[in-house]
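Asks: Right, I'll just put the structure down here and ask away after.
The values are calculated or read from the model by the stated rules, or taken from the named source; none is laboratory data. If you're wondering where the values come from, they're calculated on a predicted model, not measured in any experiment. No Cβ is skipped: glycine too gets one built from the backbone with ideal geometry, and neighbour counts run over all protein chains shown.
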Number of protein chains: 2
Amino acid sequence: MSRSALDALVEALRRLPGVGPKSASRMAFHLLQHDQEGARLLARALDAALERVRHCRRCNTFTEHEVCETCLDPQRDATQLCVVETPADQAAVERTGSYKGLYFVLMGRLSPLDGIGPREIAMQRLFERATDGQVREVIVATNFTAEGEATAHVLAEGLKAQGLRVTRLARGVPVGSELEYVDLGTIAHALVDRR
Amino acid sequence: MSRSALDALVEALRRLPGVGPKSASRMAFHLLQHDQEGARLLARALDAALERVRHCRRCNTFTEHEVCETCLDPQRDATQLCVVETPADQAAVERTGSYKGLYFVLMGRLSPLDGIGPREIAMQRLFERATDGQVREVIVATNFTAEGEATAHVLAEGLKAQGLRVTRLARGVPVGSELEYVDLGTIAHALVDRR
């Protein structure tokens, strides 16, 4: 009744990952009481992102163009393709400054228990991308979690069947951790030691 | 450049309390990749709340009307006024089912270090509200934190000067904790034992 717009806002905030009922109600209070400008900004940013952000036709990452800047960069080594789960993982690899090849972003990982199979991640598009005739090595940089490892295994099988050289980040990356939280030195080392 | 709509979304999400750069980028990824409907909902809920939610003229809580439902309820005891910091605290007191009076919501607490003085919280409006001739007792239910206690002290001084009976929730509420996280039994007990 009298609080429905507020209740609806709390409900909508709860759809954000990691936000429970108390956090959502604190966020709603903060926005309405102390940061209405932030609330307006967020509403506009959501609309703009929904309207403009799409997937790069080549590497599948988020972009506002048909093909992303990284894929269009003539300086990048088109014979290497690094496969990551998310744009955040791609950013982590980029920040090491030790990789000059191209990327493919799965936008997820295989997770049969959650109903996420090869069709839910862009596996078929990866196979098409990797067999463009230029790519010679695919570096599988999925996370070193159980699901990331399973995904890496399935990808490696499929890519090797196409005659491609498939490597995996070296196990310098601590097992059980997620790539975007790993320190840059460890990622850089793992890139050099890939096997 | 090519990721500006996405970057703007991450920046906007960071304005939410308790959300750092990693959480913000995870939220943006989740919304764009897995829950575009949720992103749309959130944008609309923000707009609706900004447009419709305002402060109750009597008790200062969030409402979509001139005066909120609680203040209009003839069943409530108009001689008692419970002062809380936020609508979430008010909801916590309501859930105990052991208070039948009315409320006043400060929408904050005194915090000189953050530049929050009597003018930033609705202290003057509380004094006007409490001296309506009907209110006989003001129950100060600000949080039992350092800032909440300081606020309670300042409020009590001012309200007593107006000749009102001022009580404070009993110290059954664990010192150092915040009201909205306290179990209902403790809040109920503290209401009975108010001093």
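Asks: For the stretch A:122-131, what are the residues that are touching a strand residue (DSSP E or B) at 6+ places or on another chain (Cβ under 9 Å) and under 19 Å from residue A:147 (Cβ atoms)? Don't jump to the end; show me each part of the working.
Replies: Filtering the stretch A:122-131 for residues touching a strand residue (DSSP E or B) at 6+ places or on another chain (Cβ under 9 Å) gives A:122, A:125-126, A:129-130.
Result: A:122, A:126.
Asks: Of all the residues that make up the stretch A:14-33, how many are under 15 Å from residue B:14 (Cβ atoms) and either in contact with a strand residue (DSSP E or B) (Cβ under 7 Å, 6 or more places away or on another chain) or more than 7 Å from every other protein chain (Cβ to nearest Cβ) (or both)?
Replies: The total comes to 2.
Asks: Follow-up question, since we're still on this one. Is it the case, given these coordinates, that residue B:108 is facing chain A (nearest Cβ under 10 Å), surrounded by fewer than 22 Cβ atoms within 10 Å (Cβ to Cβ) and under 30 Å from residue A:55 (Cα atoms)? So that I can check it myself, show each step before the final result.
Replies: Details: facing chain A (nearest Cβ under 10 Å): yes; surrounded by fewer than 22 Cβ atoms within 10 Å (Cβ to Cβ): yes; under 30 Å from residue A:55 (Cα atoms): no.
Considered against the rule, which asks whether it is facing chain A (nearest Cβ under 10 Å), surrounded by fewer than 22 Cβ atoms within 10 Å (Cβ to Cβ) and under 30 Å from residue A:55 (Cα atoms), residue B:108 comes out as no.
Asks: Which of the residues spanning the stretch A:84-97 are in a loop (DSSP other than H, G, I, E, B), out of contact with any Phe, Trp or Tyr (no Cβ under 7 Å at 6 or more places or on another chain) and modelled with pLDDT of 90 or more? Step through it out loud before you land on a result.
Replies: Our first condition is that a residue be in a loop (DSSP other than H, G, I, E, B); within the stretch A:84-97, this holds for A:85-86, A:97.
Next cut, out of contact with any Phe, Trp or Tyr (no Cβ under 7 Å at 6 or more places or on another chain) only: A:85, A:97.
If the condition is that a residue be in a loop (DSSP other than H, G, I, E, B), out of contact with any Phe, Trp or Tyr (no Cβ under 7 Å at 6 or more places or on another chain) and modelled with pLDDT of 90 or more, then A:85 is the only one that fits.
Asks: Being touching a residue at least 12 places away in the same chain (Cβ under 8 Å), in the same structural domain as residue B:130 (by the TED database), more than 14 Å from residue A:29 (Cα to Cα) and surrounded by 15 or more Cβ atoms within 10 Å (Cβ to Cβ): is that true of residue B:90 here? Explain how you work it out, then say what you get.
Replies: Numbers: touching a residue at least 12 places away in the same chain (Cβ under 8 Å): yes; in the same structural domain as residue B:130 (by the TED database): yes; more than 14 Å from residue A:29 (Cα to Cα): no; surrounded by 15 or more Cβ atoms within 10 Å (Cβ to Cβ): yes.
Considered against the rule, which asks whether it is touching a residue at least 12 places away in the same chain (Cβ under 8 Å), in the same structural domain as residue B:130 (by the TED database), more than 14 Å from residue A:29 (Cα to Cα) and surrounded by 15 or more Cβ atoms within 10 Å (Cβ to Cβ), residue B:90 comes out as no.
Asks: In the stretch A:98-116, what residues are in a loop (DSSP other than H, G, I, E, B), more than 21 Å from residue B:10 (Cβ to Cβ) and free of Cβ contacts under 8 Å to residues at least 40 places away in the same chain?
Replies: If we filter the stretch A:98-116 for residues that are in a loop (DSSP other than H, G, I, E, B), which is where we start, we get A:98-100, A:106-110, A:115.
If we keep only those that are more than 21 Å from residue B:10 (Cβ to Cβ) too, we end up with A:98-100, A:109-110, A:115.
Residues satisfying the conditions are A:100, A:115.
Asks: Let me confirm something: among B:96, B:61, which residue is surrounded by 15 or more Cβ atoms within 10 Å (Cβ to Cβ), closer than 22 Å to residue B:142 by Cα and touching a Pro at 6+ places or on another chain (Cβ under 8 Å)? Please lay out each step first, then the result.
Replies: Numbers: B:96 fails: touching a Pro at 6+ places or on another chain (Cβ under 8 Å).
One residue alone meets the criteria, B:61.
Asks: Here's something else I'd like to know. Of a type in the set (A, V, I, L, M, F, W, C) and in a helix (DSSP H, G or I) - does that describe any residue in the stretch A:162-178? Before the answer, list the steps.
Replies: First pass over the stretch A:162-178, keeping only residues of a type in the set (A, V, I, L, M, F, W, C): A:164, A:166, A:169-170, A:173, A:175.
Next cut, in a helix (DSSP H, G or I) only: none.
No, there is no match, as no residue in the stretch A:162-178 is of a type in the set (A, V, I, L, M, F, W, C) and in a helix (DSSP H, G or I).
Asks: Then there's this: Quick one: is residue A:136 under 18 Å from residue A:169 (Cβ atoms), in contact (Cβ under 8 Å) with a residue 40 or more places away in the chain and surrounded by fewer than 21 Cβ atoms within 10 Å (Cβ to Cβ)?
Replies: Yes; evaluated as a whole, the condition is true for this residue.
Asks: If residue B:59 meets every condition in (1) under 23 Å from residue B:165 (Cα atoms); (2) free of Cβ contacts under 8 Å to residues at least 60 places away in the same chain apart from one, which number is that one?
Replies: Result: residue B:59 passes all but (2).
Asks: Select, from B:46, B:16, B:50, B:81, the only residue that is modelled with pLDDT of 95 or more, within 21 Å of the chain's Cα centre (by Cα) and in a strand (DSSP E or B).
Replies: Numbers: B:46 fails: in a strand (DSSP E or B); B:16 fails: in a strand (DSSP E or B); B:50 fails: in a strand (DSSP E or B).
Just one listed residue meets the conditions, B:81.
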